[in-house]
Structure formats: structure tokens, C-alpha cells
Amino acid sequence: MRVRRLLFLPFLPLALALACVLPAAQASSSSGLVISQIFAGGGNSGAPYQNDYVELFDRGSAAVDLSGWTLQYASASGTSWQVTPLTGSIAPGRAYLVQLASTAAVGATLPTPDATDTTNLANTGGKLAVVHDTAALSCGATAGSCASNSLIADLVGYGSASDYEGAAAAPALSATTADIRAGSGCTDTDANGSDFASGDPAPRNSSSAATSCSSGGGGSGSGSSAAASVALDLPSSVSVSLDHASLAFGTAAVGSTPTPLSESVTVTSTDTAGYVLTAHRTAFSPADLPLGLSASAPSGGSLGTGVSSSSLLALPIAPASDLVVGSKTTVAQSGGDLWPAKVGFTAPLPALAAGHYTATVTFTVIGR
């Protein structure tokens, strides 16, 4: 999946202006790398293990080279992140154990860790992120504030955390419980509150048995299996690009409705099952404005519910679910599928203070 964003620079001294910028394509969202266990009671009274730990898991189909990756932690409400470098690689279906701080020699030692650090996790709440970068994050003050960082492969907020994936944080921790991702690490619906549950800590490292994320039920007979990691790098088969690097409405009076501006969205896809094109936006700052979108479908494509070429449909504000602009069930035509779109205002501009109003619109294409 590749993402392009429009940075809107509306202007309102009785006025409004819009501009957009295309940032780099998302680099890590398709890695399959997730946080699968979190334990913060290391060495506490009654703790089963001496050290805090975070277990990572590769739920994808390819090995992940961890060069340049980090595990990062921030307190429940903080935006200062502690950085733990990661090394080596994780094979598909395998875990990776990061050993962290200990308060005392209480409990058993962890299985041999794959990485170590002295970060001390809080039981009551905190935030953890797997990041394809070595620089410390600065987001996390509010829910959804880290969502726009394409270098974050996975974010888990637990307990009283101020930021998290989905509508709620994962459960708080204790000296005897860990947060454990469902499906032995395979389940990832981008909703911390439902993907994680409290359970007995059961740390796995890179030497632990592999877990298949695509296996179904099994028979009752005996058997044996062995796995070999096979890896191949291919360029992305699905991408999205925009015709305009900026959109500007110029000066507009309060109470007026500026004419919508055209934006051509081109989707390139070799996925034989097709793709889905979505869009969302951030709220305008310093005050929100009623932004919407209309679109037309290419040959063989279908518009999403409520989307039309004749009227603007309000764009949802992240972290709300994206607006489905449209979809297609076949490969894109040669040169890409063109989705003509218009971005504009669904109601007259409200009576707000003069100023420079900004927002971001993100188009995302996902192969089926």
C-alpha cells in the first residue's frame, strides 16, 4: 500500500487558501511486524519473571530485516520516547524477545532475549511503537496523533495511554499479567482494545516454534512439520499518485462556498483481485471547516456508498473510518486507473476569525 497526502492551506482574513504536499510513500505498514506481548511487572512482588519484556511477532509472509528499526516507549500521557535499537531479523511466524528493566531478582529469568535495554515499563499505562527509524517519536499526546506517521509499523497503547490504535487502549498490566495479542500474535485489526487481552505471561524468542497465521483446524492424527524461510523482494504492485501537488482556493469571504477544485487520483495495481481506494482528513486548524469530496469511477470501477460525481460527501476526520471512494475487482488498466475527484466545502464558510487554516487529506489504496 502506498499513500499520498494533500496538505491544505486554507486562508481566511474573510478568506481561505488550500495547498497540498506529497510526502514519502509509506515504508513499513506492510511489514507484518507487530507487538504481540507486553509485560511490565518484572521483579515486582509475585511476578513470574524478573524483567519487563516486549515480544514482537512477524505475522506476515516474509522475513523482516530489523536494520534501522527500533522499539520505542513513552509514558501514558508523555511524548518523550525511549528508543531501543533492534538487530537481526524476524522470520515469518516467529517471535522476537526484547528484555527490559527489572526492579528485583524476583521470578524466573526470561528465555534468551534477542535484544536488551533498561527501559522500565509502567503497569498502569504506556505506549509502545515498532518504528522503521532510529529517531525518537514526538507524537502520542492525544488519540490518533501517531496515526499519520508512516514509519510506525505498530502502535499499542495500554491502560491509561493517551494514544492507541482503534477506539480504546489495551488493558492495564499488573505484576502477574501481560497484554497478549489474540491468535498467538496473528490477529491485527488495528484496534488495541479488542486485539489484546490480559493473560499469563508466556514470552517467546526467535528460537521458539513458529506459528502459522494462515492455518485452519487440524485432524487428530500425529504428525511432524518443519519450516524453511523463503524470501523475495518485489516492488509494490499497488500505488496511488496525485495530479496536483497543491490545491489553493485563494481568498474567499465568510459565508461563501468556494468552487470545488479538481484533483486527479491515479491508481496503479497489478493485483488480480482488484483494490479499494479510500480517503480521510484531519481537522482544520485553528478551527475546523466543512470539507468534502466528489469523484467519478474509471471503466470497471464502482463508487463507494454515498460518493457521486455531482455532489460533495463529507470527508471523515481521522481516526474515524476512511471514506471508501471506490473499488475495482480487476487489475488497473495500462498506465493506471484515473479517478477524477473534486475537493471542496459542503457548506458555506462559517464566521471564524481571520487566519491561516490548514488540514491534511490522505488517499490510500489497498490491494484486495
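For the reader, a short list of remarks on this structure follows.
- Kirkwood Rh (inverse of mean 1/r, distinct Cα pairs), the chain, angstrom: 22.4
- Ranked by the mean number of other Cβ atoms within 10 Å of their residues, highest first, the peptides 188-198, 35-45 fall in the order 35-45, 188-198.
- Cβ-Cβ FRET estimate between Ser311 and Ala108, R0 fixed at 51 Å, reported to 0.05: 0.20
- Stokes-Einstein diffusion of the stretch 235-276 at 10 °C, 1.306 mPa s viscosity, Kirkwood radius from Cα pairs, rounded to a whole number: 119 µm²/s.
- Average accessible surface area per residue within the chain, 1.4 Å rolling probe, Å²: 43
- All other residues whose Cβ lies under 11 angstrom from that of Gly140 are scored, Lys and Arg at +1 and Asp and Glu at -1, for a net of 0.
- Alpha carbon centroid spacing (whole Å) that separates the stretch 26-82 from the stretch 296-345: 36
- For the chain, the carbon plus sulfur part of the accessible surface works out to 53%, probe radius 1.4 Å.
- Estimated from helical segments only, the mean residue ellipticity of the chain at 222 nm is 0 deg cm²/dmol, where each DSSP H run of four or more residues counts as -39500 (n - 2.57).
- Counting only DSSP beta bridges whose two residues both lie in the chain, roughly 95 percent are antiparallel.
The values are calculated or read from the model by the stated rules, or taken from the named source; none is laboratory data. All values derive from a computational prediction rather than experimental measurement. Backbone-built Cβ (ideal geometry, glycine too); neighbour counts: all protein chains shown. Calculation scope for accessible area: heavy atoms of the full protein, side chains included, ligands and nucleic acids excluded. Shrake-Rupley method; radii C 1.70, N 1.55, O 1.52, S 1.80 Å.
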